[in-house]
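**Q** The structure under discussion is supplied below as C-alpha cells; questions concerning it will follow.
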Amino acid sequence: MSIKKVVVAGGGVLGSQIALQTAYCGFDVTIWLRSEGSIERAQPKLERFKNIYVDTLEKMKTDASAYCRGLSKKADLSSEELDALKEQAQNAYDSLKLTTSYEEAAKDADLIIEAISENPEQKIAFYQELAKHMEDKTILVTNSSTLLPSMFAEYTGRPEKYLSLHFANTIWANNTAEVMGHPGTEQKYYDEVVKFAEDINMIPLKLKKEQPGYILNSLLVPFLNAGQALLANDVADHETIDKTWILATGSPAGPFHILDIVGLETAYNIVIMNPESKDPETTPGKIAKMLKEKIDAGETGINAGKGFYEY
C-alpha cells in the first residue's frame, strides 16, 4: 500500500510535532483530539513548532550549524530553496485538520499514529473505540515511550497491522524513529512503517524484538530517574544537578531541562507505574509527589512556559 492519509491521535508535545512534520513532508494529516478544550490547547503548540521550522530555515541561510536533518535531507541549500521550505512549513501548518470525531478521523486513513498519554487504561479505551471506525487497510502504530505493543494488540482489532513507531523530541532536529513490532506484527506492515519513517525525513531504527523503553528510553529514563532522585532526596537543587552533567560531560542539557522538553506529565505517568511510588517515603514516591505538585501548578514544561525552568 501507499500511505497518503495520516491521522495523529493526540496533540501533546510529541503528537503536535509528529503531525506537523508529517504534513511538512507532503502527507494529508488529521489530528484527533478528545475535546474542544484539547483542540484549543493543541493549536498554540502547533503554531509554536511551525514558527520554529520557519525560524530555523531562515537561520540556515547564514549559519551552517542551524541545519536540521528533519527539515531537509541535504544541508547545502540556496536561499531560494530555503524560502521554498519556509513556505512548505507554513502550508503544512495551514493544512492540518483537527477533529474530535473518531469517524471523521478514521475515514480513509492509511496510517493512524496513537500519541496519547502513557496510561494503559486510556490507551485501551481509545483502541477499543477506534476499532469500530477503522477501515481494513489502516495500519495502527503507537508512539508510546515505554509501553510494549503486545500489551495492547488484542484491543486494536488488527494485531497484525499494529506496532510501535517512537519518535524523539525536537523531531525536526533529532530525527529518529524507533520501529518495534510485537510477535503478531506482520512483516509487510513493519516494512511499510519503516518506509513511512524515511518519507517524513526520519532515520528508522529497527528493533529486532520488544524491549520496554525501546533503545532511546532504555538509556534515557534511568538517567532522568537518577537526576530526579538526587533532587527528591535533597542532595542538590535542579540547577546544580544540570550544571554538573553539562560541565562534566559536554552535554547541551541536563536531566531537568530534558524533563521540561519531554513534559512533566509524561514523566509523572512513567514514575507512577512503579508500585513503590504509592509510598511517599520511597524515592519513587517522592519523585511522584514533586512532579504532581508542579503539574497541579500548571508548570508542566516548556510548552507551558514553565517547568523546572521558565521559558
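**Q** Which of rounded, prolate, oblate describes the chain, given a ≥ b ≥ c as roots of the alpha-carbon gyration tensor eigenvalues and a/c under 1.5 marking rounded, otherwise prolate only if a/b is larger than b/c?
**A** Oblate.
**Q** For Thr300, enumerate residues with amide H under 5 Å from its amide H, sequence gap 5+ or separate chain, H modeled in the peptide plane.
**A** Correct list: Lys306.
**Q** Further question: Which order do peptides 228-237, 194-203 fall in by mean Cβ count within 10 Å, highest first?
**A** Values: 228-237: 15.3, 194-203: 18.3.
Result, highest mean first: 194-203, 228-237.
**Q** What percent antiparallel are the DSSP beta bridges of the chain, to the nearest 5?
**A** Roughly 20 percent of the beta bridges in the chain run antiparallel, per DSSP.
**Q** Quick one: which residues, 5 or more positions from Ala9 or on another chain, have an amide H under 5 Å from its amide H? H modelled 1.01 Å from N in the peptide plane, none for Pro or chain starts.
**A** For Ala9, whose amide H was placed from the backbone, the distant partners under 5 Å are Trp32, Ile113, Glu114, Ala115.
**Q** Under 12 Å between alpha carbons, and skipping anything fewer than 8 positions from Lys209 in its own chain: which aspartates and glutamates qualify?
**A** Once the sequence-local aspartates and glutamates are set aside, what remains near Lys209 is Glu178.
**Q** To make sure I understand the rule: partners must be lysines, Cα under 24 Å from the Cα of Lys306, and not fewer than 8 residues away in the same chain. Which ones qualify?
**A** In chain and number order, the partners are Lys45, Lys50, Lys243, Lys286, Lys289, Lys292, Lys294.
**Q** Hey, in the GNM for the chain with a 10 angstrom Cα cutoff, which one of Pro44, Pro275, Pro183 fluctuates hardest?
**A** Pro275
**Q** Let me ask something else about it. Can you tally the lysine pairs in region 101-201 where the Cα-Cα distance is under 13 Å and the two residues are eight or more apart, or on different chains? Mind dumping the intermediate values first?
**A** Numbers: Lys107/Lys132; Lys107/Lys137; Lys137/Lys161; Lys137/Lys188; Lys161/Lys188.
Close lysine pairs under the 13 Å cut-off: 5.
**Q** Taking 7 Å along the Cα-to-C-beta vector as the label spot, tell me the Lys195-Ala226 distance in nanometres, rounded to one decimal.
**A** 4.2
**Q** In whole Hz, what ³J(HN,Hα) sequence does region 218-228 give by Karplus (6.51, -1.76, 1.60; θ = phi - 60°), x for Gly and Pro?
**A** Residue by residue, region 218-228 yields 5, 8, 7, 4, x, 5, 5, 4, 5, x, 5 Hz.
**Q** Multiply the residue separation of Val235 and Tyr155 by 0.36 nm, subtract the distance between their alpha-carbon atoms, and state the gained length in nm to one decimal.
**A** 24.4 nm
**Q** State, to one decimal in nm, how far the label point of Glu293 lies from the label point of Ser78, with both points 7 Å from Cα in the Cβ direction.
**A** Between Glu293 and Ser78, the simple spin-label model gives 5.8 nm.
**Q** Which of the aspartates and glutamates could a cross-linker span from Lys97 if the Cα-Cα distance has to be under 12 Å and same-chain partners fewer than 8 positions apart are dropped?
**A** Straight-line reach from Lys97, under 12 Å: Asp28.
**Q** Which residues' amide hydrogens lie under 5 Å from the amide hydrogen of Leu205, considering only partners 5 or more residues apart or on another chain, with H built in the peptide plane?
**A** Here Ala177, Glu178, Val179 satisfy the definition.
**Q** Taking the Cβ-Cβ separation of Lys132 and Asp55 as r and a Förster radius of 41 Å, what is the calculated FRET efficiency to the nearest 0.05?
**A** The calculated FRET efficiency here is 0.50.
**Q** Averaging sequence separations of C-alpha pairs under 8 Å and six or more residues apart, then dividing by the length of region 5-206, give the relative contact order as a whole percent.
**A** The value is 23 percent.
**Q** Which whole-Hz ³J(HN,Hα) couplings does region 66-74 yield from phi under the Karplus relation 6.51 cos²θ - 1.76 cosθ + 1.60, θ = phi - 60°, glycine and proline marked x?
**A** Values per residue, Gly and Pro as x: 7, 4, 10, 5, x, 8, 7, 6, 10 Hz.
**Q** If you don't mind, another one. Using θ = phi - 60° and the Karplus form 6.51 cos²θ - 1.76 cosθ + 1.60, what ³J(HN,Hα) does each residue of region 297-303 get, whole Hz, x for Gly and Pro?
**A** Values per residue, Gly and Pro as x: 8, x, 9, 9, x, 4, 6 Hz.
**Q** Divide by every residue of the chain the summed helix terms, -39500 (n - 2.57) for each DSSP H run of at least 4, and state the resulting mean residue ellipticity at 222 nm, rounded to the nearest 500 deg cm²/dmol.
**A** Result for the chain, helices only: -14500 deg cm²/dmol.
Read-outs: derived from the displayed coordinates by stated rules, not from any lab. From a predicted model like this one, the values you see are computed outputs, not experimental measurements. Because the Cβ atoms are built from the backbone with ideal geometry, glycine has one as well, and the counts that use them run over all protein chains shown.
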